[in-house]
Amino acid sequence: MQEDQLVLGIDIGGTKTALGVVTRDGRLLDEMVLPSEGVRGKDMLMKRIVSAAGELITGQQFGKRIAAIGVGFPGPISPSNCIVAEAPNLPGWEGVSLCEVLSGALSIPTYGENDANAAALGEWLYGSGRGTRDFIYLTISTGIGCGIISGGRLIQGTSGYSGELGHMIMDPLGPECGCGRRGCLEMLASGTAIGRQARTRLSGGEESVLGELGRPVEDITAREVFEGAAQGDPLSQDILDEALGWIAIGCNNLLVMLNPSRIALGGGVGLGGDWFLEEIEQRLQELSPKDHFGVELVQASLGKNAGIVGAGAVAWLRIDPKLSSEAP
Ligand SMILES: [Zn+2]
């Protein structure tokens, strides 16, 4: 491997796609963001991604130094052939040979992972997971995703579905999820679920400052619920209380199953602040008063760059597998 090599990270998302050049030590050198929403069809979006990637590669004379491309995708990717198994937020992408199409168009070896796994690898190599061998990254935003590093390796599963914590059934009588199950964690504790709970309860006539914001009930989202809770609104606090309870159960189940030394919380809801983390810790303590197995709960540290740096990490680990054991 040459000293000055770089990789290109591509984080494909339902609303936007970010591309960036990532160094071996996880620095982001150059970045480009494209809207994914409103782009007609997968072929058009792929065309734009290829053209933006080409621009980044040649534009700053990174060309010869880009040794590989890593892609994070919002859905499970088959570990054996990099084919998109499912694409709930990007209709039409099922069955696409993601890596083959990109490497064919750009003539650079390409490796793919679902976005939560990619972000987990990024946090592990360059952020909140550094120095661990058993690390879990949990992202709570519109949905709930999770990436698991166990014994210094990413757990992928047979067909890329490993770490789908968002679809762990918590309440078999709970609301139906898009995945076909009922009462999935993501239906009870994601940002989407928090917003929906608030709208349902407000429509049911419950009193709350959320009803006095001067905006229609259907526009209330998790953001307003967090603000309401901070102002002491009982309805908002009650909704968050319930969501936190479910997340703590999810964390408990992760730690008894995988015995991680650290769990990092990320995503718009997961980064809800120190109090959010403290609350989950407190509940975890109540749920398992005898033993935590020494797990440490922290906030993810790569912030908005987790997706793109994570996609870079996917590529780095493939061209330089030593990196995983080098994590201090
Ligand atoms: Zn589900």
(request) Just check the range 131-300 against the gyration tensor rule for me: Cα atoms, a ≥ b ≥ c as the square roots of the eigenvalues, rounded for a/c under 1.5, and otherwise prolate or oblate depending on whether a/b exceeds b/c. (result) prolate
(message) Taking only Cα atoms of the range 28-82, what ratio of Rg to Rh do you get with Rh as the Kirkwood inverse-distance radius?
(response) 1.00
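Go through 214-226, 103-115 and give me the packing order, highest mean Cβ count within 10 Å leading.
Going by the mean number of other Cβ atoms within 10 Å, highest first, we get 103-115, 214-226.
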(message) Once you order the gyration tensor axes a ≥ b ≥ c over the Cα atoms, which shape class does the range 237-328 get: rounded for a/c under 1.5, otherwise prolate or oblate by comparing a/b with b/c?
(response) oblate
(message) Using DSSP H assignments, which helices in the chain have an axial alpha-carbon span of 24 Å or above and a mean Kyte-Doolittle hydropathy of 0.5 or higher?
(response) 234-258
(request) Only bridges with both residues in the chain count here: give the DSSP antiparallel percent, nearest 5. (result) 55 percent
(message) Less than 13 Å Cβ to Cβ from G72, Lys/Arg counted +1 and Asp/Glu -1: what total charge do the surrounding residues give?
(response) -3
(request) May I ask for the distance between the Cα centers of the range 105-158 and the range 168-195, given as a whole number of Å? (result) 23 Å
(message) Could you tell me the calculated FRET efficiency between D4 and T158, based on Cβ-Cβ distance and R0 = 35 angstrom, to the nearest 0.05?
(response) 0.40
(message) Let me test this: with uniform point scatterers at the alpha carbons of the chain, what is the Debye-based log₁₀ I(q)/I(0) at q = 0.15 1/Å?
(response) -1.21
(message) Run the reach check for K322 against lysines, Cα to Cα strictly under 25 Å, same-chain hits fewer than 8 apart removed. What comes back?
(response) K64
(request) Grab the other residues whose beta carbon is less than 12 angstrom from that of I144, score K and R as +1, D and E as -1, and report the net. (result) -2
(request) Count charges around L188 for me, please; just the other residues with Cβ under 9 Å from its Cβ, Lys/Arg as +1, Asp/Glu as -1. (result) -3
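The numbers here are math on the coordinates, done by the rules we state, and not lab data. Note that the coordinates shown come from a computational prediction; the quantities given were computed from them, not determined experimentally. Note that we place each Cβ from the backbone using ideal geometry, even for glycine, and neighbour counts take in every protein chain shown.
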